[in-house]
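Read the structure below first, then the notes.
The values are calculated or read from the model by the stated rules, or taken from the named source; none is laboratory data. Quick caveat: nothing in here was measured; it's all calculated off a predicted structure. These area figures cover heavy atoms from the full protein model, side chains too; ligands, DNA and RNA do not enter into them. Shrake-Rupley method; radii C 1.70, N 1.55, O 1.52, S 1.80 Å.
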Amino acid sequence: MNDLGPYSNYRLTVRLELANIPGMFAKVAAILAEEGANLGAVDVVSATADRMVPDVTFDVQNKLPLTTRNLLSMIYTPGVGRVVQAIAKDKTKAYAFTIKSNT
């Protein structure tokens, strides 16, 4: 018997800051779907005339095997904090820490 979940350890909640224009969140949802994520919940934290900040919860599946402790530390808290801080300092690194950096 295959037990494929979903389980809470495959569930992520992220806070986004989006332009508040029609169709913007639909684009985000489409990208999540293309990447194999299953959208769970959307909670709007704040909204102004030009910005919307939603918390988005979705289920994901691992795309790459975790073969070393260093890889695990990059995706698992607190290691993910290092990645987020590096991207915050230099936005050009946003894809350097993702699977898309290999394409």
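If the condition is being at pLDDT below 90, open to solvent by 100 Å² or more (accessible area, probe 1.4 Å) and either closer than 21 Å to Thr48 by Cα or not in a strand (DSSP E or B) (or both), then the range 5-22 contributes only Asn9.
Does the range 41-87 hold any residues that are farther than 23 Å from Asn20 by Cα, in a loop (DSSP other than H, G, I, E, B) and at pLDDT 80 or above, and which are they? Within the range 41-87, Thr67, Thr68 qualify.
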